[in-house]
Amino acid sequence: MVVSVRSWVANEGGKHLVLMLWLGVNTWLFLKTFLLYYTGQQYHYLYKMLGLGLCISRASASVLNLNCSLVLLPMCRSLLTFVRGTHTVSSRETRRLLDKSKTFHVACGVAICIFSVVHVSAHLVNVVNFSVSYSDDFPALNLARFRGEVRHKCLHILPGVTGVLLVLILFLMFTSSSYCVRLSNYEIFWYTHNLFIVFYIILMVHMVGGALKYQTNLEVHPPGCLRANQSSTEQQGKELEQGEDEERRCREEAHFQPHYPQVCLCVDSQHFPYTWLWVSGPLCLYCAERFYRYIRSCDPVTIVTVIRHPCDVIELRMLKKNFKARPGQYIVLNCPGVSSFENHPFTLTTCPTENKKTFGIHLRVVGDWTERFTQLLVPEPRIDLEILPMVQQRRYPKLYVDGPFGSPSEEVFNYSVSVCVAGGIGVTPFACVLHALLDGWTGFRLQRLYFVWVCREIQSFYWFAELLCAVHHKLWQENRPDYFNLKLYVSQADILQGMSEDKYRPLTSRLLVGRPKWKLLFDEIGKTNKHKRVGVFCCGPKGISRTLHRLCNSARSSGTTFEFNKESFS
């Protein structure tokens with residue numbers, strides 16, 4: 001499949017540009033710090049003792065400082081939602097880059113893990129060099145008590161203890177972040193990832209060093225000068241005159257003081273800014289954002305309706321004061337009756353309007369949290385009652401809602417032509433888009449919408465069958481039949497049972513058996529919309545998203561550019 005340069009730039013250009021800038025800054029910072037410790041006069045004697053281990057440990061520490069500050073920024077969801085919603089400030093290309101915030105967060109996390117290994121390895125070499133290269137001339141530089149002593153003192157001083165703790169926390173966070181762990185047991189990922197609070201507290205303490213020291217009196221003791229017990233005759237093959245000998249003599253002994261981690265953005269040799277200056281800004285921003293989210297979500301919502309749909313899907317309608325949302329956004333639910341600390345994201349399927357203040361979600365019962373939550377929402381009927389009550393009052397659990405937050409599906413209305421592809425329960429972000437069309441939302445660019453929904457079982461289509469039929473009838477009454485192009489695919493033909501109800505007749509004529517032929521479908525859309533930019537939005541299995549992503553980057557004779565947008569919480 002031939003890749004189109006124009007399509008590749010539209011889909012991958014911005015992401016790779018940010019990636020190259022990030023790699024460039026990391027490389028520049030590593031090299032600049034390395035050269036500072038390699039050639040810096042204040043580190044002359046320390047470098048002679050430790051060698052390249054000193055340069056590598058400090059260079060990797062600078063890269064760690066940078067990424068430990070950047071890794072928090074993509075998790076400021078409210079800030080990203082604000083930037084996304086400010087269309088006068090951010091262009092569509094910028095908003096599409098915000099959709100890659102999780103990818104950037106993962107990249108920073110991987111960089112932290114890699115350079116932590118480099119940093120720890122370099123310091124292990126430094127511990128050995130402290131013993132082997134014991135300095136009799138400058139005792140203040142030594143970590144060992146005598147030459148040849150291989151001590152584990154690094155584990156008993158503050159940087160050593162905090163370093164070990166940081167490595168253990170980082171290992172837990174990294175291993176629990178794998179896809180298989182998140183898929184099999186999301187709770188493990190959630191709890192271990194919240195160790196980042198402890199990680200940053202220990203990191204702020206870790207910078208209080210003491211093992212590494214730098215020289216402070218360079219003016220009166222330039223590196224390499226002759227001390228009082230040395231003379232120029234000690235230099236073999238060189239004879240210096242008396243005046244030159246006096247000029248090379250040290251006016252006083254070298255003075256050293258503990259070295260605190262330097263970030264080395266400054267050109268000179270002064271020791272600022274420190275690690276806390278890197279981390280404190282993003283950390284304070286993230287803490288302020290979390291506090292704002294806590295205040296916003298502290299009022300519990302009112303559960304209005306709970307509906308059980310086929311295939312273990314629950315529809316939940318809620319009401320909250322002053323809650324506003326846009327189609328395509330998602331919320332984060334917290335149910336103390338299930339777990340006080342777990343929060344789970346769900347895409348809105350209905351947004352509040354002027355006439356209807358309720359909002360809703362659809363959730364599929366998969367996993368421990370959704371099972372326990374469903375049991376609280378729809379408890380099993382009690383069969384031990386001798387007298388059944390005429391009316392059984394439901395008591396819903398207490399529920400807190402955080403959000404709404406921005407997502408790629410918000411951009412559906414910002415294209416003249418959009419293609420929405422859903423797999424199973426992945427239809428939820430696009431259901432909110434259909435509700436917006438049904439409720440008569442105005443002020444958007446969308447002129448044609450292609451809607452493709454793939455399910456294993458035909459019963460799944462009943463989740464939004466009435467909504468699809470209502471949108472179809474509305475557009476036909478408005479004489480806009482070409483505005484909404486609907487295709488439904490059911491993959492399991494052996495259990496196919498038609499939607500026989502008369503009210504679902506518009507859907508039965510658009511119901512196909514098997515999987516979509518994506519290339520033919522995209523070629524057809526491209527021919528119909530020549531030389532246009534078409535937004536492709538996908539929420540479903542990885543297999544579908546990979547195929548669509550590859551097709552969006554491929555070349556076409558029609559000149560149509562497909563811009564790929566993916567919805568994912570995994």
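By the gyration tensor of its Cα atoms, with a ≥ b ≥ c the square roots of the eigenvalues, what is the shape of region 1-56: rounded for a/c under 1.5, prolate for a/b over b/c, or oblate? Present the calculation step by step, with values, prior to reporting the outcome.
Values: a/c = 7.23, a/b = 4.38, b/c = 1.65.
Here region 1-56 falls in the prolate category.
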* Grab the Cα-Cα distance for residue 533 and residue 39, subtract it from 0.36 nm times how many residues apart they are, and report the gain in nm with one decimal. => 172.5 nm
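Return the subset of 15/356; 398/503; 356/532; 102/519 for which the Cα-Cα distance in this structure is over 31 Å, preserving the input order.
Values: 15/356 39 Å; 398/503 37 Å; 356/532 36 Å; 102/519 29 Å.
Pairs exceeding 31 Å: 15/356; 398/503; 356/532.
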* Asked: In terms of modelled amide H atoms, which long-range or inter-chain residues lie less than 5 Å from the amide H of residue 72?
  -> none
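Can you give the FRET efficiency to the nearest 0.05 for residue 305 and residue 555, using r as the Cβ-Cβ distance and R₀ = 51 Å?
Details: r = 49 Å, r/R0 = 0.96.
The calculated FRET efficiency here is 0.55.
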* Asked: According to the square roots a ≥ b ≥ c of the eigenvalues of the Cα gyration tensor, what is the shape class of region 509-570, taking rounded for a/c under 1.5, prolate for a/b larger than b/c otherwise, and oblate for the remainder?
  -> oblate
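Expressed as a fraction of 2.2 N^0.38 Å, the rule-of-thumb size for a compact globular protein of N residues, what is the C-alpha radius of gyration of region 54-107? Mind dumping the intermediate values first?
Details: Rg = 14.8 Å, N = 54, 2.2 N^0.38 = 10.0 Å.
Compactness ratio reported: 1.48.
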* Structure fact -> The long-range amide H neighbours of residue 309, using H built 1.01 Å from N in the peptide plane and a cut-off of under 5 Å, are 314, 315
* Structure fact -> Scalar couplings 3J(HN,Hα) for region 405-419 by Karplus 6.51 cos²θ - 1.76 cosθ + 1.60 (θ = phi - 60°), nearest whole Hz, x for Gly and Pro, are 10, x, 8, x, 5, 4, 7, 4, 7, 9, 10, 6, 10, 10, 10
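Please give the contour-minus-distance gain from residue 91 to residue 508: 0.36 nm per residue of separation, less the Cα-Cα distance, rounded to one decimal in nm. Spell out each step's value before the answer.
Working: separation 417, 0.36 × 417 = 150.12 nm, distance 4.00 nm.
Taking 0.36 nm per residue and subtracting the Cα distance, the gain is 146.1 nm.
Read the figures in this text as sums done on the coordinates, not as results from a lab. The model shown is predicted, which means the values in this text are computed figures rather than measured ones. Here the Cβ is made from the backbone with ideal geometry for all residues, glycine too, and neighbour counts use every protein chain on show.
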